[in-house]
C-alpha cells in the first residue's frame, strides 16, 4: 500500500539548509493501524504532508498502491488527495454554516458523484461513526468529539485507500479522545488502513504499530501488544532483532 524509500525533504532559506526528513524508509501494508510519533521538529508533520500528497519530497521515492507520487503534476496529486486519501485534521475543517450531512457529502460533490449516491454514502458513513441522528446539525451545535466524528465520516465517504489523521485528538478532552480512537480501532478491525500522526503516547499506544521519528530519521519502528499476529517486515536490521526478541517472549 505505502512504500517509502530513502525519502528526504530539505528546506532552503537563503544559504541555510534545513533537513526535515533524512533518508526515511518504511512500508505500510493494507489493513495496518500505524501511529507516527516524535517530538516537535522531528519531521512527522513534513512526512504527513508528503504521505497525504500535500507536498513532495526533495529526493527519494513514495509509492502509493504501486504508483510513484513524486513525479505527478498538481492535477494528479489533487485527484489522489480526493480519491485515495481520507484526511482527518486536528481542527476538523468543517464548513461552519453547512449541516453535518452536507459536510460529509462535499468531497463526493467535487468528485462528480451523483446526488443520490452522495446521500447514500454520507448516511452510511455517519452511521458508522454514530451520528445518523445529527445529520441536520451544524458544527456549532456539536461537541468537539462529534465534529471529529463528522470529519471521519467525510473521510470515509470516498472509500479511500488510507485514513490519514493529523493530531486528530489534539483539541479534545481525554474522554472524547478515547472515543475517537475507539472509532479508528473499529474501522481498522473492518479492514481500513489507518495512519495517525500524534505527539501523545497514550494515543499512539492505541495503534498496532508505532514509528518514532527523531531529527528527521526513524528512531524506532515497533509493534504494540495489540498486534500479536502481524509479521515483522520492512524494518531495519536493528529493529528486526528487537522484533524477534518480542516474538520469542510471546512464545
Calculated from DSSP helices alone, with each H run of at least 4 adding -39500 (n - 2.57) and the total divided by the residues of the chain, [θ]222 nm to the nearest 500 comes to -11000 deg cm²/dmol
Determine, from the Cβ-Cβ distance of residue 199 and residue 222 and an R0 of 25 Å, the FRET efficiency 1/(1 + (r/R0)^6), rounded to the nearest 0.05. 0.90
Sequence gap at least 6, Cα distance under 8 Å: using those rules, report the relative contact order of the chain to the nearest whole percent. 26
Top of 157, 13, 59 by mean-square fluctuation, Gaussian network on the chain, Cα under 10 Å: 13
When the chain is treated as a GNM, springs tying every alpha-carbon pair under 10 Å, which of 200, 117, 32 comes out with the largest mean-square fluctuation? 117
Exposure proxy check on 199, 192: fewest-to-most Cβ neighbours within 10 Å is 199, 192
If you look at just the Cα atoms of segment 1-138, how large are its Rg and its Dmax in Å? 17.9, 56
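Beyond 18 Å, what share of the Cα-Cα pairs of segment 98-141 is found? Please give it as a whole percent.
Percentage above 18 Å: 22.
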Cα centroid separation, segment 58-106 to segment 128-191 (Å): 16
How large is the Kirkwood hydrodynamic radius of segment 1-79, in angstrom, based on all distinct alpha carbon pairs? 13.3
Once the Cα gyration tensor of the chain is diagonalised, what are the square roots of 5 times its eigenvalues, in whole Å and ordered largest first, as equivalent ellipsoid semi-axes? 30, 22, 17
Normalised by the number of residues in segment 22-71, what is the relative contact order in percent for Cα pairs under 8 Å and 6+ residues apart? 20
Where is the GNM fluctuation largest for the chain (alpha-carbon springs, 10 angstrom cutoff): 115, 222, 102? 115
Angle between the chain longest axis and helix 115-128 axis [Cα atoms, degrees, rounded to 10]: 60
What's the FRET efficiency of residue 5 with residue 40 using the Cβ-Cβ distance as r and R₀ = 35 Å, to the nearest 0.05? 0.85
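Every number in this text was worked out from the coordinates using simple rules, so none of it is lab data. These numbers come from a predicted model, not from an experiment. FYI the Cβ positions are ideal-geometry reconstructions off the backbone, even for glycines, and counts take in every protein chain you see.
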